[in-house]
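Engineer: Attaching a single structure in structure tokens format; questions to follow.
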Amino acid sequence: MTATIERSLVLVKPDGVKRGQVGEVLRRIEAKGYRIVALQMREATEDILAEHYAEHTEKPFYGDLVEYMMSGPVVALVLEGERVVEGFRSLAGTTDPTSAAPGTIRGDLARDWGTGNIENVVHGSDAPESAQREIGIWFPDL
Ligand code: DAT
Ligand code: MG
């Protein structure tokens with residue numbers, strides 16, 4: 001019997017930190033049963049974001065996305081547990097907070113503020129391979 005314990009990289013984004021939602025996000029993660037194995041508050045840099053959002057650097061919204069992600073500190077977390085990548089994406093809800101399902105982090109805690117950015121409180125890795133890559137960016141010592 002081999003347990004397949006995964007890790008996921010989660011960010012509480014600047015809007016979530018500013019609006020005092022760090023505790024609520026952590027509460028939901030812990031209530032679900034995932035383990036927090038690393039946690040750090042820090043400012044994102046353009047270099048870190050270019051790596052983190054490598055798949056989006058050519059998108060028209062990338063400049064605004066970087067500005068939003070650098071508008072204040074973020075809280076970076078590494079979660080651990082069986083199928084945690086899929087599980088946290090499910091807790092987070094879909095990308096657009098207006099239509100994200102009630103009961104999810106984005107559905108309950110985020111909305112469109114007319115800024116032109118999608119401000120959706122959290123990031124969660126979308127696959128185990130992305131998680132490994134993103135953990136290397138935010139927690140190189142882990
Ligand atoms: P997710 O964060 O749900 O994985 P994603 O990887 O497609 O979504 O995009 C990363 C972030 O970029 C997303 O959380 C918000 C922003 N974003 C995505 N699509 C956007 C768009 N069309 N306009 C503005 N921001 C966008
Ligand atoms: Mg994504």
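Engineer: What residue, among those in the range 117-142 that are free of Cβ contacts under 8 Å to residues at least 60 places away in the same chain and part of a loop (DSSP other than H, G, I, E, B), is nearest to residue 60 (Cα to Cα)?
Structural biologist: For the range 117-142, the residue satisfying everything is 117.
Engineer: Based on this model, can you work out whether residue 64 counts as open to solvent by 60 Å² or more (accessible area, probe 1.4 Å) and in contact with an Asp or Glu (Cβ under 9 Å, 6 or more places away or on another chain)?
Structural biologist: no
Engineer: Of all residues in the range 99-134 being on the phi > 0 side of the Ramachandran plot, at pLDDT 95 or above and open to solvent by 10 Å² or more (accessible area, probe 1.4 Å), which is farthest from ligand 2 (Cβ to nearest atom)?
Structural biologist: 114
Engineer: Cβ-Cβ distance below 9 Å, separation of 6 or more or different chains: which pairs start in the range 57-77 with a residue that is over 21 Å from residue 18 (Cα atoms) and end on one that is among the aromatic types (Phe, Trp, Tyr)?
Structural biologist: Cβ pairs passing all conditions: 59/53; 62/53.
Engineer: Restricting attention to the range 53-93, which residues are of a type in the set (Gly, Ala, Ser) and assigned to a strand (DSSP E or B)?
Structural biologist: Of everything in the range 53-93, those that are of a type in the set (Gly, Ala, Ser) and assigned to a strand (DSSP E or B) turn out to be 76, 81.
Engineer: For the list (1) assigned to a helix (DSSP H, G or I); (2) within 15 Å of ligand 2 (Cβ to nearest atom); (3) open to solvent by 20 Å² or more (accessible area, probe 1.4 Å), I need the number of the one condition that residue 96 fails.
Structural biologist: (1)
The values are calculated or read from the model by the stated rules, or taken from the named source; none is laboratory data. Just so it is clear, the structure is predicted and the values come from calculations on it, not from any experiment. Note that each Cβ is placed from the backbone with ideal geometry, even for glycine, and that neighbours are counted across all protein chains shown. Areas reflect the complete protein model, heavy atoms only, side chains present, ligands, DNA and RNA absent. Shrake-Rupley method; radii C 1.70, N 1.55, O 1.52, S 1.80 Å.
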